[in-house]
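The next block holds one structure in the form of C-alpha cells; read it before the comments.
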Amino acid sequence: MIATPDDYAWLTEAADDWCFTYVRGLTPEQVVIRRGGRLEDFTPMTYDELGDTAFSGPGAFIGVTTIGDWAFVIEPDWNGIAEGVIMPLSAGTRLVSHYLMTIKALDYFYWIEDGELRFCFVAQEGYMEEVPDELVETMGRIDSVHSSFPNLHDGPAFLLAERLTGITLTPQLLEESTYLCGVVPEPQSWRMPSPW
C-alpha cells in the first residue's frame, strides 16, 4: 500500500516543535561526534524518557538511534535545521531533516546531498520551484490531497522523508527504539539554508 500524507496525521502531535533528521550510513556515535558532542556524556534512553527530559543550559539536547542504514536524530528545537549543522552533517552522504511548529506554521524541510541543497520547504516561502525527478511522483500525491501550499506537519514532511529514506515512521518504531542521548554544541549561526 502506498502511503498518503494523511497516513502520517498521527505524527502531528509527536513532531510538534521537534526536529527529525535522517543521515544515511552514519552510526549514532558518528552523528554525536560530527555534532561536536562527547560520547562519554551520552546515555541510552527510551523515546518517552527523551521526551520527558527537561533540558535547560548551554548546548542542544539530541537523541540518536539507528533505523536500517540511517542514523535518526530527534531534537526538541530547530537547531537541527541550521545550516551550520545540516551542511557538515551531510558530508559524503544524504541528509533529510524537517522541523515542524504547528502553532506558528513554521515548517521546514531539507534534502541535502554531500553539502548540496537538493530540495526544501521553507516556512512562509513554500517549496523550491524546481522539483527533482526523485520527488515528482510524491509531490503529485501531496498536491492531490492538499492545497498548493500545504502544512508540512499535516503529513507531507513525513511522506517526502519516506520517499528519500525508505523509512516509514510508526509509533512502534519511535517508541521501541533506544536513543543515544546527550548535549551537543548549539550551531554558531541560526541561518537556515535557502535557495532564494
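The values are calculated or read from the model by the stated rules, or taken from the named source; none is laboratory data. This one's a predicted model, so the numbers in the text were calculated from it and none came from an experiment. Glycine also receives a Cβ, built like all others from the backbone with ideal geometry; neighbour counts cover every protein chain displayed.
Among the residues making up the stretch 89-102, those that are small (G, A, S) and either buried (at least 24 other Cβ atoms within 10 Å of the Cβ) or in a helix (DSSP H, G or I) (or both) are S90, S97. Candidates are the residues of the stretch 41-55 that are surrounded by 14 or more Cβ atoms within 10 Å (Cβ to Cβ) and in a helix (DSSP H, G or I); the one that is modelled with the lowest pLDDT is G51. Once the stretch 65-77 is narrowed to residues that are surrounded by fewer than 22 Cβ atoms within 10 Å (Cβ to Cβ) and among the hydrophobic types (A, V, I, L, M, F, W, C), the residue that is nearest to E116 (Cα to Cα) is W70. The criterion of at least 2 residues that are on the phi > 0 side of the Ramachandran plot and modelled with pLDDT of 85 or more is met by none of the helices (runs of 4 or more DSSP H) falling completely within the stretch 108-196.
State whether the residues of the stretch 29-40 include one that is modelled with pLDDT under 90 and touching a Pro at 6+ places or on another chain (Cβ under 6 Å). No, the conditions are met nowhere in the stretch 29-40. In the stretch 81-88, the count of residues that are of a type in the set (D, E), at negative phi and not in a helix (DSSP H, G or I) is zero.
Among the residues of the stretch 1-20, those that are surrounded by 17 or more Cβ atoms within 10 Å (Cβ to Cβ) and either modelled with pLDDT of 80 or more or outside any helix (DSSP H, G or I) (or both) comprise W18, C19, F20. Being modelled with pLDDT of 90 or more and in a helix (DSSP H, G or I) is not true of V23.
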